[in-house]
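J.: This is the structure I have questions about; it appears just below.
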Amino acid sequence: MLFALGDELANSSIPLMGLSGLHGSQLMDMFANGWNVTLTSYQDPYSNAMWFSSYGATLSSNRSVAQTQVWDPHSRLPREGGTAPHCVFQAADVRIKPEVMAPGALLSAHASGGYTGRMDRCAASLNLGTSMSCPSVAGAATLVRQYFTDGYYPTGARVRSDAFNPSASLLRAMLVAGTTNMSSLTPYDVRHGFGFVDIGRSLPLRGGPPTWKLQVVNRAVFSRPGQSHTYRVRATGRSALIITLAYMDWPAFPGVATLVNDLDLKVTAPNGAVLWGNDFEGGDFMNNIEKLVIPYPRAGVYTVQVSAYYLFITARPQPYSLVVLGGVNTTRTLNRVARH
């Protein structure tokens, strides 16, 4: 665990997955060389919570530091803004891939590996890439699953009678719902997906911010095209409202880049404004996960509709999961109010 320095930030711990191994190694090098390093707090615009993180943090020193470029002595590569490089593999059809981002750096101790009969030389190994970031996301998904199997939903405290086995689609929706946006222009982009995984936002716990709550639907099912399920969510207006739909689509024919089953997320605000998942007006026909972020929602009832626009005749039934995160008035599981 790394702690911030200074009277105001003393003993302020950095949240889980908030700081990459690369950033940690750079900070330790600075400490070792007598630098005064301060991690500056920043306000999360969605949850109104204060975090300490490598994203949004500021490094200051009594020496001259180039804020726009940090040289990493381990890999001999410059890092713009002090961040680790990341791999980008865009889908040719501009689907949202990757869906989430995680630190792609692993710094670990290792020996020289020689069997010479003499003491091995201690060294440090720095590995970069998706082989490092994927285990971080897998670990986060495991903790999300344990949150439900241990009964932390809906109260935020462990209640064994509340435990249930979450579906794969619910885990995906939970991870995406809590992501921190890495683009200032849109809620997602083709380079970073929906953003940086942050399970501290995904998993409300008792004693956390009272304005940050969670409601889920697990394993709801459509059996024919044209069906729709409607839910009502009462927003408090005190925190952002995040709504995420996810489902595991059936396999398509090889080389066919399209959905087999197409589900859509539509939300109607208290003033009658209509919003769509992934900001795709009329429904997103490319992705099997749709997210809608309302940073400053009106207080009142939002009508959430999940519809089966198309279901292939041999690819039925189609289950899905829905996550509502943020400023809602209750943690009770969402119940359907209409079915067509």
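J.: Once you put a point 7 Å from the Cα of THR230 and another 7 Å from the Cα of THR258, both along the Cβ direction, what distance in nm separates them?
T.: 3.0
J.: Size of the dipole of region 256-335 about the Cα centre, Lys and Arg at +1 and Asp and Glu at -1 on the beta carbon, nothing else charged, in debye to 20? Before the final figure, lay out the partial values.
T.: On the way: 5 positive and 6 negative charges, 65 e Å.
For this selection, approximately 320 debye.
J.: Are there any chymotrypsin sites (Phe, Trp or Tyr not before Pro) in region 221-287 that are in a DSSP loop and have at most 13 other Cβ atoms within 10 Å? List them by number.
T.: Details: sites: PHE222, TYR231, TYR247, TRP276, PHE280, PHE285; in loops: TYR247, PHE280, PHE285.
Counting only loop positions with at most 13 other Cβ atoms within 10 Å, the chymotrypsin sites (Phe, Trp or Tyr not before Pro) in region 221-287 are PHE285.
J.: Would you please give the FRET efficiency between SER125 and MET248, computed as 1/(1 + (r/R0)^6) with r the Cβ-Cβ distance and R0 = 35 Å, to the nearest 0.05? Spell out each step's value before the answer.
T.: Working: r = 37 Å, r/R0 = 1.04.
In this case the efficiency is close to 0.45.
J.: Got a sec to turn the phi values of region 315-321 into Karplus ³J(HN,Hα) couplings, 6.51 cos²θ - 1.76 cosθ + 1.60 with θ = phi - 60°, whole Hz, x for Gly and Pro?
T.: 10, 10, x, 10, x, 8, 10
J.: In region 101-246, carbon and sulfur make up what percent of the accessible area (probe 1.4 Å)?
T.: Numbers: 3740 of 6850 Å².
C and S atoms contribute 55 percent here.
J.: Right, something else. Trypsin sites (Lys or Arg not before Pro) within region 125-178: which are DSSP loop residues with at most 13 other Cβ atoms inside 10 Å?
T.: On the way: sites: ARG145, ARG158, ARG160, ARG172; in loops: ARG158.
Answer by residue number: ARG158.
The values are calculated or read from the model by the stated rules, or taken from the named source; none is laboratory data. None of the values given here were measured: they were computed from a predicted structure. A quick note on method: Cβ atoms are made from the backbone with ideal geometry, for glycine too, and the neighbour counts reach across all protein chains shown. For the accessible areas, the whole protein counts, side chains as well, though only heavy atoms, and no ligand, DNA or RNA atoms are used. Shrake-Rupley method; radii C 1.70, N 1.55, O 1.52, S 1.80 Å.
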